[in-house]
Structure formats: structure tokens, C-alpha cells
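Data first, discussion second: the structure below is written as C-alpha cells.
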Amino acid sequence: MALDGIICGLLTDELNFELSGQRIDKIYMPDRHTCILHIRMQTCVRRLLISIDPSLPRVGLTSSCRDNPAMPPSFCMLLRKYLSGSHIEKVTNPGYERIIEFHIVNTDELHDSKRYRLIAELMGRFSNLILVNEFGKIIDSAIHVDCSVSRVREVMPARIYEYSPSQDKLTPAEIIDMCRSSVIPVKDDEKARPVDKALVNSIKGISPLISRQLCHKAGVDDRKTVLMLTEAETSSLIRECLTLFEEIGNKSYTPRVYYGEDGEPAEYSVMKLDGYESFREFSSISEAIDSYYEERDRLIDIVDKKHRLIQIVSSAIARIMKKKEIHEKDLSEGLKADKYKLFGDLILTYKYQIRPGDKSVTVMNYESNPPEDITIELDPTLDAIASSQDFYRHFRKAKRKYEMADSYIRDDELGLAYLRSIKTAIDAADSDEDLSALDEEIRSEITSGSGARAKTVSPKGDPNRMVGTAKSGKASSRALREAAKNAGAAKNRQSRQSKALSFRRFVTKDGYEILSGRNNIQNDQLTFSTASRSDWWFHIKGLPGTHVILKLHPGEQVPSDESVIAAAQLAAFFSKSTILEEHLEGKGSSSGAIKAEVDYCPVSHVKKIPGAKPGMVIYKEHYSILVDAKVPAVQSF
């Protein structure tokens, strides 16, 4: 949610208590909408974040770090000029408006005292950050608003700063007096509107979310107008408004962040909200806002990283699909090899019937049953012997095409299966660790030049064996560069392997340990190195997915039924995106909970496909189980 006027007013009081008298040490702007002030306290340095992002403007103390551009924006340079080394005198809010003002004192080069106001306007798409001098004149702003944008209020250098036009709403003090007098806090000209809209249009600083919550707590249908409310509903609504604004006036509120069913942060507020799965309490509004946006930014960052990786994999899939189409076309051309050989044989058999300049010949096809006449198109510039040799040449070419295309198509299918398994893993990733592991696999297996089907290098063309073998007798500089590049790549691989991420780890209710790979390289390591031959291996049936290992207790041969179901559900859950595709195409289960069939067997029954990419295996003597594709009741570590 965006900051409302009530949150801004309370946040201003907190910042005034924390920052009054403190020194502004450094100023950064990671982007044109974000300004970070390093505030030097007595015992530490705190970061004050001011964001005027149109979608989510905010102000507050933060613990997160951001990368700064090599060349700071011009407004950042201006702020450094006027505010570096200054002190914050106080922080104010003009009456529960979405504005926070930092009153700052600094000295100029003549050691004269100068006062400034850094004004953060947090009004959605009209958000702005403005620096004003002691005479109220605008020095500059992050976003310029001239007469072509707004004819009501210009925000330009050298203009006098003015607040946005007041909406003449009720203040919290007036609301408390009205509620204590049993008068509903709604203006007379708003009583014909629905209750939630009437509250928003009458009370200063209240958001639509808070107005709906007040109606919900009071048991009032927010679609009713104020005039339609019964006496009991009116009394209940007055009571809820009085409780809320007394808490605000007495500073007895508790900032909370609320989470939805998916565990993601949904809202933050100083009011206790209903209808959310869980919440977390904080000691200050700044901490609540920082936690809310830090988690939201993390989730947005994960979505962006997943999108980037999926684009890379999708491009690789498209390239292989294009190659496969070419190879399938070559395969269809190769099927004509027998026809070319037959034409060559028939021309040699009936060469006495062919005269120079003939464009075609009709002969008896003795290989068909029963024999029948067949017409063969000829090149008039060739005699019979040359024509037969031409068809034999087409026969050899088509035969080679068929053999090579058949091999390439098998490689293409393995490559597509491998890339789809990576795409499935990306869709299932829910943490930075998962995406880092997948990014490493993509770098080593796709973008490094190996592609989905690695190219073999002959010893003669291997640059590591060509150093010093140039025709001139001197060392080949190109070969030296290639050798150094390969050596550096090997060193990087070793360093990355030394920092390998751990597997996903879960523990079932009955104490069984379950391990799951984050990418195909980890799948290989998990199945063939970490797991013992007596452990049990799980995988979604017939679809790309992660390898799941169920660790058995010492001396045990068969796991419990509960642990088998939990491991199978994890295998299905981490392949959920692929299952959904099958489900939407009509190949999956019926409507409702999505179910998936999972194969499982002892690890000793799983074998790696020779020469295949990581994660590609075959298995035998397996069992199958049908489970829901959801997270089971397990504890993750």
C-alpha cells in the first residue's frame, strides 16, 4: 500500500525524535527516484531512504544497501552541494498530509548559517523531492513540473514553493470530539455516498483500506450510504473511529506488516487489520516499512532474475527447435535415397533405350510387384551412364543426410529435454540460492558456447595442443590466447565449485531427511555422489523435474508411507509449472487439485545416460504414486 496521511504524520514524529540534531554525512541517489542520506549518529551511521517512485513512494530509515551509479544524477550533485555536512534541525508534517519536511541547517563558504527544507511529497504519480531555501524559494527538484504539466501548481527552480491545495477535511482532533459527542465523522455533503468513500472524503489522512476496515469492524456494509445506516450501525462505526484515532493521538498503536496466504507481505498499517493470514509486529513504523519493502524488493528481484533466465533458456530452446526443423527436413530428404538408387539402376539396365537429348524415359520397374512402368526425368545434356552416376551421387548424399539427421534429431531431443528441465527448475525456484545455482548451470552449459549439444574438438584443432606449431615456426598468438582463456575458465569453474550451494533439505514429521537438487548439476551430484545406494530416489513421471532423495534410517530398507508421500509431493511441487502446462493442454488431471504421478525406486536402480547432460538418467524396477502437487507438511532447513 502507499503511505497515507496518518502514517506520514506518525512517521514524521518518529523521524523527528530519531534525527533531530543529527548530521548528514553523505548523499547518494541510486536512481532518479531514490535518495539515500547517511545520517551520522553518536554511535552509528543510519541510512534515511526517500523514494518518490510513482508506484510506491516512501520515507524511512533502512538497513539495506544499494548500488550507486558511476555518474550521480545532477539533482544528487546539487543536494551534496547544499546539504553535505549539514544538521537536521527537525522533521515536520503539515497536518496529516502526505508530505514530510526535513528542516536543515548548514553553513556556506563564509561560515554564515543557512537554512533549507528538503520536502518529500509522497503523492503517487505526483511524488517529488524538492529543496527549498529559507525564503521559501525552490532551489531545484527531482522532477520539474511546469505550466504544461500543471496549471495549478508549478514546481520549478526560482518559484515560490506552495503546498498542494487543501481539501478541507476533518482532522483527527476534530474526529475525536465528534465521536465523543456521538456524531458520525462524515461531512454533510458526503452522507449520500457509500460509507467507505464518505469516510475517505471526510477524514484527513485516511486511506481506502482503513475506511473499509473500519466498516468491517463495525459490521457495516460499506456499500450503504451514511443515510441508510441504522442507529446501531452508526454507533458501532463511531466507536471504531474513536478507538482508532484515540490510539493515534495517544501514540498507543503497534506497527504491523500483514502477510497473505502465500506468505508474501500484503499490507502494513498501525491499525489492526482483519482478513490476513498472519502479521508481524515492529517497534517503529520505519522498521515495519523497511521490512515490508525489503521483502517486496526481494520478491521483485527474484521475479526479474527468473524472467532473465527464462529468456535465455527460451532462446536456446527456440534455436534447437529451429535446428530440429532443419534436421527433420534433411531426414525427409534422406528418405528419397532408395528412389535415387532405383533410378540409377533402371537407367543402367535400360541404357540402350536412352538417346542423347532425351528429357525422360519410361521403363519397366522390375523391383515392384507386379512390375509396372515408371517415367524417369533426365538431364538432356547427359548420356545414360552420366545420368545414372548423377542419380547415384544423389543417392549417396541423401543417405548421408538421413544418417546424420537421424543422429542430430536424437541429440536435439535430448537437448530440448535438458533445457525444459532447466526451465522447470527456474519456475520452481523461490530463493536467491536456487537462482544462483541455476544461473551457474546456464553459464556453464548454455551461454559458455557448449550449447545444449556440446561440440567435440579434435586433437588437431585443440588450441592447447597447437601452441608453438604455427607455420612460421613461432608460437601462435591466437592459440596462446585460447589456451589462457580455457585455463581461466577451468580456474573459475574450480572456484565456483568450492563455493557450491547446499541442497534443499527437509525433514518429515516421522524424522526422515529429504534432499532436493536446485539445478541439474546438483541433481547429478545428489543422486550419484551424496545419496547412498539404499536411499530412495523420486522424480515426476515422464516430465522434466528435480531429483528428490529420501534418506533411510540406518539398517532400514523400506521407508514409511508418510515419508514416501511427502517426498513424492516435493518432487511434484518442484515440477508444478510443467504439470500445469500438461493440465492446461488437457493431458493432466481433472479440474480441482492438480495431481501428478511420481516414480520412485532405490538409488541403485538409477543410471546416468552415457554422454548426456547433467540430470539425464534412466531407471528401472520402479514404483509409482499419485499425489497432489503441493508442499507437504515438512520442516525445511
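The values are calculated or read from the model by the stated rules, or taken from the named source; none is laboratory data. Keep in mind it's a predicted model, so treat the numbers as computed, not measured. Glycine also receives a Cβ, built like all others from the backbone with ideal geometry; neighbour counts cover every protein chain displayed. We work out accessible area using only protein heavy atoms, side chains counted, and drop any ligands, DNA or RNA first. Shrake-Rupley method; radii C 1.70, N 1.55, O 1.52, S 1.80 Å.
Taking into account only those residues within the range 344-359 that are within 22 Å of Phe395 (Cα to Cα) and open to solvent by 80 Å² or more (accessible area, probe 1.4 Å), which is farthest from the chain's Cα centre (by Cα)?
Checking each candidate, the answer is Lys351.
Open to solvent by 30 Å² or more (accessible area, probe 1.4 Å) and part of a loop (DSSP other than H, G, I, E, B), is that true of Ile139?
Working: open to solvent by 30 Å² or more (accessible area, probe 1.4 Å): yes; part of a loop (DSSP other than H, G, I, E, B): no.
Judged against the criteria, Ile139 is not a match.
Of these, Ser360, Ser332, Ser368, Ser314, which one is of a type outside the set (A, V, I, L, M) and in contact (Cβ under 8 Å) with a residue 40 or more places away in the chain?
Values: Ser360 fails: in contact (Cβ under 8 Å) with a residue 40 or more places away in the chain; Ser332 fails: in contact (Cβ under 8 Å) with a residue 40 or more places away in the chain; Ser368 fails: in contact (Cβ under 8 Å) with a residue 40 or more places away in the chain.
Just a single option satisfies the conditions, and that option is Ser314.
Only one of (1) open to solvent by less than 50 Å² (accessible area, probe 1.4 Å); (2) out of contact with any Lys or Arg (no Cβ under 9 Å at 6 or more places or on another chain); (3) not in a helix (DSSP H, G or I) is not met by Tyr268, so which one is it?
Status for Tyr268: all satisfied but (2).
Suppose we keep only residues that are among the aliphatic types (A, V, I, L, M) and surrounded by fewer than 18 Cβ atoms within 10 Å (Cβ to Cβ) within the range 79-113. Which one would you say is nearest to Asp31 (Cα to Cα)?
Looking at the filtered set, the residue picked out is Val105.
Tell me, yes or no, whether the range 51-58 has at least one residue that is modelled with pLDDT under 95, within 34 Å of the chain's Cα centre (by Cα), assigned to a strand (DSSP E or B) and crowded, with 22+ Cβ neighbours inside 10 Å.
yes
Answer with yes or no whether Asp383 is open to solvent by 70 Å² or more (accessible area, probe 1.4 Å) and at negative phi.
yes
Every residue in the range 360-380 that is loosely packed, with under 13 Cβ neighbours inside 10 Å and under 23 Å from Glu333 (Cα atoms), please.
Listed by number, the residues that qualify are Ser360, Glu367, Ser368, Thr375, Glu377, Asp379.
Here's the yes/no breakdown for (1) under 27 Å from Glu190 (Cβ atoms); (2) open to solvent by 40 Å² or more (accessible area, probe 1.4 Å):
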residue: Lys217; (1), (2): yes, yes
residue: Asp221; (1), (2): yes, yes
residue: Lys224; (1), (2): yes, yes
residue: Glu233; (1), (2): yes, no
residue: Arg239; (1), (2): yes, yes
residue: Glu247; (1), (2): yes, yes
residue: Ser252; (1), (2): no, yes
residue: Gly260; (1), (2): no, no
residue: Glu264; (1), (2): no, yes
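Residue under question is Ser211, and the condition is that it be among the hydroxyl-bearing types (Ser, Thr, Tyr) and in a helix (DSSP H, G or I); does it hold? Before you say what the answer is, go through the steps one by one.
Details: among the hydroxyl-bearing types (Ser, Thr, Tyr): yes; in a helix (DSSP H, G or I): yes.
Here the answer is yes, as Ser211 does meet what is asked.
Select from the range 323-345 the residues that are charged (D, E, K, R), in contact with a helix residue (DSSP H, G or I) (Cβ under 9 Å, 6 or more places away or on another chain) and part of a helix (DSSP H, G or I) and list them in ascending order.
Result: Lys323, Lys324, Glu328, Lys329, Asp330, Glu333, Asp338, Lys339, Lys341, Asp345.
Looking only at residues in the range 117-136 that are more than 14 Å from Tyr82 (Cα to Cα) and not aliphatic (A, V, I, L, M), which one is most open to solvent (accessible area, probe 1.4 Å)?
Among them, the one singled out is Arg125.
So Leu416 fits all but one of (1) of a type in the set (A, V, I, L, M); (2) touching a Phe, Trp or Tyr at 6+ places or on another chain (Cβ under 9 Å); (3) assigned to a helix (DSSP H, G or I); what number is the exception?
(2)
Would you call Ser388 buried (at least 17 other Cβ atoms within 10 Å of the Cβ), polar (S, T, N, Q) and farther than 15 Å from Ile320 by Cα? Give the steps one after another, and end with the answer.
On the way: buried (at least 17 other Cβ atoms within 10 Å of the Cβ): yes; polar (S, T, N, Q): yes; farther than 15 Å from Ile320 by Cα: yes.
Yes: the conditions hold for Ser388.
Residue by residue through the range 323-337, note down the ones that are open to solvent by 40 Å² or more (accessible area, probe 1.4 Å) and in contact with a His (Cβ under 9 Å, 6 or more places away or on another chain).
Selection gives Lys336 alone.
Against the condition under 19 Å from Ala429 (Cβ atoms), open to solvent by 40 Å² or more (accessible area, probe 1.4 Å), in contact with a helix residue (DSSP H, G or I) (Cβ under 7 Å, 6 or more places away or on another chain) and modelled with pLDDT under 90, how does Glu295 come out, does it pass?
no
Just one of the numbered conditions (1) open to solvent by less than 30 Å² (accessible area, probe 1.4 Å); (2) touching a Leu at 6+ places or on another chain (Cβ under 9 Å); (3) at pLDDT 90 or above is not true of Ile302; which one?
Going through the list (1) open to solvent by less than 30 Å² (accessible area, probe 1.4 Å); (2) touching a Leu at 6+ places or on another chain (Cβ under 9 Å); (3) at pLDDT 90 or above, Ile302 breaks only (3).
May I ask you to say which residue of Ile312, Ile289, Ile320 is touching a Ser or Thr at 6+ places or on another chain (Cβ under 9 Å), in a helix (DSSP H, G or I), open to solvent by less than 40 Å² (accessible area, probe 1.4 Å) and of a type in the set (A, V, I, L, M, F, W, C)?
Ile289
Does Arg47 satisfy being under 24 Å from Ser291 (Cβ atoms), open to solvent by 60 Å² or more (accessible area, probe 1.4 Å), at pLDDT 90 or above and not in a loop (DSSP other than H, G, I, E, B)?
Answer is yes for this residue.
How many of the residues in the range 589-611 are surrounded by 11 or more Cβ atoms within 10 Å (Cβ to Cβ) and at pLDDT below 80? Show your work before the answer.
First, the residues of the range 589-611 that are surrounded by 11 or more Cβ atoms within 10 Å (Cβ to Cβ): 589, 594-609.
Filter again for at pLDDT below 80, leaving 589, 594.
Here the count works out to 2.
Given the options Pro172, Pro194, Pro208, name the one that is within 46 Å of the chain's Cα centre (by Cα) and open to solvent by less than 30 Å² (accessible area, probe 1.4 Å). Break it down stepwise before answering.
On the way: Pro194 fails: open to solvent by less than 30 Å² (accessible area, probe 1.4 Å); Pro208 fails: open to solvent by less than 30 Å² (accessible area, probe 1.4 Å).
Being within 46 Å of the chain's Cα centre (by Cα) and open to solvent by less than 30 Å² (accessible area, probe 1.4 Å) holds for just one of Pro172, Pro194, Pro208, which is Pro172.
Return yes or no: is Ile289 modelled with pLDDT under 90 and of a type in the set (Val, Ile, Thr)?
no
For every residue, the table says whether it meets (1) touching a residue at least 24 places away in the same chain (Cβ under 8 Å); (2) under 30 Å from Lys204 (Cα atoms).
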residue: Phe17; (1), (2): no, yes
residue: Ser20; (1), (2): yes, yes
residue: Ile27; (1), (2): yes, no
residue: Cys35; (1), (2): yes, yes
residue: Ser63; (1), (2): yes, no
residue: Leu78; (1), (2): yes, no
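Report, by residue number, each residue of the range 1-49 that is β-branched (Val, Ile, Thr) and closer than 27 Å to Asn250 by Cα.
Hits for the range 1-49 are Ile6, Ile7, Thr12.
Sort out which residues of the range 5-35 are within 16 Å of Leu122 (Cα to Cα), outside any helix (DSSP H, G or I) and open to solvent by less than 10 Å² (accessible area, probe 1.4 Å), and write them in order of number.
Across the range 5-35, the qualifying residues are Thr34, Cys35.
Which count do you get for residues in the range 142-156 that are open to solvent by 60 Å² or more (accessible area, probe 1.4 Å) and either of a type in the set (S, T, N, Q) or over 21 Å from Ile27 (Cα atoms) (or both)?
Residues meeting the conditions: 6.
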